[in-house]
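The block underneath contains the structure these notes are about, expressed in structure tokens.
The values are calculated or read from the model by the stated rules, or taken from the named source; none is laboratory data. Nothing here was measured: the structure is a model prediction, and the numbers come from that model. Neighbour counts are summed over all protein chains in view; Cβ atoms, including those assigned to glycine, are modelled from backbone coordinates with ideal geometry. Please note that ligands, DNA and RNA were not included when accessible areas were found on the heavy atoms of the full protein model with its side chains. Shrake-Rupley method; radii C 1.70, N 1.55, O 1.52, S 1.80 Å.
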Amino acid sequence: MAYAAAAGTSYQPVTAPPGVLALQRALVWLAGASGAIVFIEPSPYELVTLTACVVFFGTGVRMRLVFMPLLFALILLNIGYSIGAIPFLDRPEVMNWIFTSWYMAITVIFFAMVISEDTEARLDMLRRGLIVGAMIASISGVAGYFHLVPGGYDLLTLYDRARGTFKDPNVLGAFLILPALFALQSVVSDRFGKAFRNAIAFCIMALAVLLAFSRAAWGGLVITSAFMLALMVLTSRSPKQRSRIIVMALVAVILAAVLLAVLLSFDSIAEMFKQRASFDQSYDEGRFGRFGRHILGAQMALEMPFGIGPLQFHTYFPEDTHNSYLNAFMSGGWISGVCYPALVFVSVIMGFRYVFVRVPWQRTYLAIFSAFLGTVGESFIIDTDHWRHFWMMLGTMWGMYAAAERYRSTAPVSAGTSAAP
């Protein structure tokens, strides 16, 4: 709370009393940290974000006109889901799915409104909270995998893969990408002491991603890291900064290769790595494999305006859709099937517009945008539509869009000269 009260302010003076300001920022930190503990329902994240909504609405948060298209798309998306669920409302799992979808939509609007004000300080608190949460999840997963916690292997792993404080190893790996990007940014750009601490944090997160044995998370971490570092180089204000980023990135690659070689010297890790790295997985191939289901599902979607309802795809095929865009069509028909990709890809297109806008939080923006873009790509091969951190990033992105526009309009000189990564 003391740090929250003293955290840096945004471009616009904050008029809230210091105690209220500290409470608001502390809740943003807690929302980020609690996002890593989701193996129980309702999770701490739901409880924290619900409490934060009540506190922020009670102490002052504004709905802006710029968020109305976002709000409209989210409402329409969930109306489609709700219509598709009508024949199955007697099933508790379907009702829970619908309630979760509506609640995720609420969190998007909440984060958009929160981040649009006191932006720099609240983003910093969110970043710190996410890193703390990621360390808890990572250490739990690694400790469980290596039997460092008595009785923890069954709790913290699944199918011989680290899952930490998550239900699914794939979601653990996906969640860790954004905090890992934050740590990597510090490694390549901050002073030695802070960079060294974040290097340790990055190694622990990367190890947890590896032990989750999620191919999507492996590729996501590598691709988003490379993309973010490229953006940092392009947006750097001096040759010295660019040189340091490039050199430190090369050092990080070499150290990562050494770490991977050491880990693969363990037979159990090497065997699982070889198995998971293969592209000929049985559930990916054949007429009813992952990609075969995508084609057949797309054909069904064109013929069924109201879809087949949430959680019903597995009644037609051996497994779930593993494609969030197809799942939107299947669960909510044409309404949701059009709204979901439209919302996601409009957000991505807008995101590219703000990459080179010099705002005080530009470095944080590059990390969040890179992680968000990676999740958008991952959504083609896995169901991400109920990932809490995905909706958190979406709302945060829209909040930063609004804040950037206000920053440019109220401080045009500073906007062109603000510190960049």
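The table below gives the values:
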{"item": "Filtered residue count, region 17-42, keeping only those that are closer than 18 Å to G129 by Cα and without any contact (Cβ under 8 Å) to a residue 12 or more places away in the chain", "result": "0"}
{"item": "Any chance I79 is touching a Phe, Trp or Tyr at 6+ places or on another chain (Cβ under 9 Å), surrounded by fewer than 19 Cβ atoms within 10 Å (Cβ to Cβ) and assigned to a helix (DSSP H, G or I)", "result": "no"}
{"item": "Count of region 347-390 residues which are more than 21 Å from G32 (Cα to Cα) and touching a His at 6+ places or on another chain (Cβ under 9 Å)", "result": "4"}
{"item": "Residue, farthest from W218 (Cα to Cα), within region 142-171, restricted to residues that are in contact with a Leu (Cβ under 9 Å, 6 or more places away or on another chain) and either surrounded by fewer than 19 Cβ atoms within 10 Å (Cβ to Cβ) or free of Cβ contacts under 8 Å to residues at least 24 places away in the same chain (or both)", "result": "V149"}
{"item": "Of the criteria (1) over 20 Å from C53 (Cα atoms); (2) open to solvent by 10 Å² or more (accessible area, probe 1.4 Å); (3) of a type outside the set (A, V, I, L, M), which one R127 fails", "result": "(1)"}
{"item": "Residues satisfying the stated conditions in region 291-306, i.e. outside any loop (DSSP other than H, G, I, E, B) and open to solvent by less than 60 Å² (accessible area, probe 1.4 Å)", "result": "G292, R293, H294, L296, G297, A298, M300, A301"}
{"item": "Spans of helices (runs of 4 or more DSSP H) in region 307-421 with at least 1 residues of a type in the set (F, W, Y)", "result": "324-353, 362-378, 388-410"}
{"item": "Set V338, V348, V357: member being under 17 Å from the mean Cα position of the chain (by Cα), surrounded by fewer than 24 Cβ atoms within 10 Å (Cβ to Cβ) and not small (G, A, S)", "result": "V348"}
{"item": "Members of region 188-198 that are open to solvent by less than 30 Å² (accessible area, probe 1.4 Å) and among the hydrophobic types (A, V, I, L, M, F, W, C)", "result": "V188, A195"}
{"item": "Qualifying residue in region 244-251 (condition: farther than 14 Å from I177 by Cβ, at pLDDT below 90 and not in a helix (DSSP H, G or I))", "result": "no"}
{"item": "Region 190-205 residues that are closer than 16 Å to S225 by Cα, paired with ones that are charged (D, E, K, R) and modelled with pLDDT under 95 (beta carbon under 9 Å, 6 or more apart)", "result": "N198/D190"}
{"item": "Test: residue in region 274-286 that is more than 19 Å from R215 (Cα to Cα) and either assigned to a loop (DSSP other than H, G, I, E, B) or modelled with pLDDT of 85 or more (or both)", "result": "yes"}
{"item": "Test: residue in region 88-109 that is among the β-branched types (V, I, T), over 24 Å from G32 (Cβ atoms), in contact with a helix residue (DSSP H, G or I) (Cβ under 6 Å, 6 or more places away or on another chain) and assigned to a helix (DSSP H, G or I)", "result": "yes"}
{"item": "Test result for G332, buried (at least 20 other Cβ atoms within 10 Å of the Cβ), at positive phi and touching a Phe, Trp or Tyr at 6+ places or on another chain (Cβ under 6 Å)", "result": "no"}
{"item": "So A206, is it assigned to a helix (DSSP H, G or I), open to solvent by 20 Å² or more (accessible area, probe 1.4 Å) and of a type outside the set (K, R)", "result": "yes"}
{"item": "Qualifying residues in region 224-268 (those that are within 22 Å of the chain's Cα centre (by Cα) and surrounded by fewer than 16 Cβ atoms within 10 Å (Cβ to Cβ)) - the one farthest from L373 (Cα to Cα)", "result": "A230"}
{"item": "Residues of region 360-380 classified as under 29 Å from L326 (Cα atoms) and crowded, with 19+ Cβ neighbours inside 10 Å, total", "result": "14"}
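Every residue, every condition in (1) part of a helix (DSSP H, G or I); (2) modelled with pLDDT of 95 or more, yes or no:
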position: V132; (1), (2): yes, yes
position: A137; (1), (2): yes, yes
position: V149; (1), (2): no, no
position: T165; (1), (2): no, no
position: F175; (1), (2): yes, yes
position: L181; (1), (2): yes, yes
position: V187; (1), (2): yes, no
position: F196; (1), (2): yes, no
